[in-house]
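In what follows, a structure is listed as structure tokens, so that the remarks can point back to it.
The values are calculated or read from the model by the stated rules, or taken from the named source; none is laboratory data. Just so you know, these numbers come straight off a predicted model, no measurement behind them. Here the Cβ positions follow ideal geometry from the backbone for every residue, glycine too, while neighbour counts run over all protein chains shown. Keep in mind that these areas ignore ligands, DNA and RNA; they rest on the heavy atoms of the full protein, side chains included. Shrake-Rupley method; radii C 1.70, N 1.55, O 1.52, S 1.80 Å.
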Amino acid sequence: YNDNRATYGGSEQRVISRAVVPDRAAAEQIAQRARAGGTFAAAAAPAGFSAADVSVGPQTREQLTELAGAQVAAQAFGATSGAVIGPI
């Protein structure tokens with residue numbers, strides 16, 4: 001095991017939801033609604049997103065970096081569980 005920790009050791013994952021919108025004002029509105037309570041999908045619904053649209057699912061830091069960039073991954077993995085980050 002010790003010789004192959006990368007293979008057999010655990011990895012941190014976060015379940016990610018995101019909405020990509022054309023301007024910061026729309027992103028701020030979604031984030032504000034999400035921070036007020038309820039689900040992220042419900043917060044993004046007024047902007048035209050469904051739950052399937054915003055669900056990215058479980059991601060490791062490396063996977064999220066590939067998908068959304070290092071800045072997003074750093075904020076997502078630096079945040080506490082259940083936190084709303086952004087807009088980024």
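At a 1.4 Å probe radius, carbon and sulfur cover how many percent of the accessible area of the chain? Answer for the chain is 49 percent, counting heavy atoms of protein chains only. Only Lys, Arg, Asp and Glu carry charge here, each on its Cβ (+1 for the first two, -1 for the last two); on that basis the chain has a dipole of about 220 debye about its Cα centre. For the pair residue 52 and residue 88 in one chain, pulling the backbone fully straight at 0.36 nm per residue adds 10.9 nm over the alpha carbon distance.
Residue-normalised convex hull volume from the C-alpha trace of the chain: 103 Å³ per residue.
Send over a whole-number figure in Å² for the accessible area per residue of the chain, probe 1.4 Å.
On a per-residue basis, 67 Å².
Tell me, what is the percent relative contact order of region 31-88, built from C-alpha pairs under 8 Å that lie six or more residues apart? Contact order relative to length: 29 percent.
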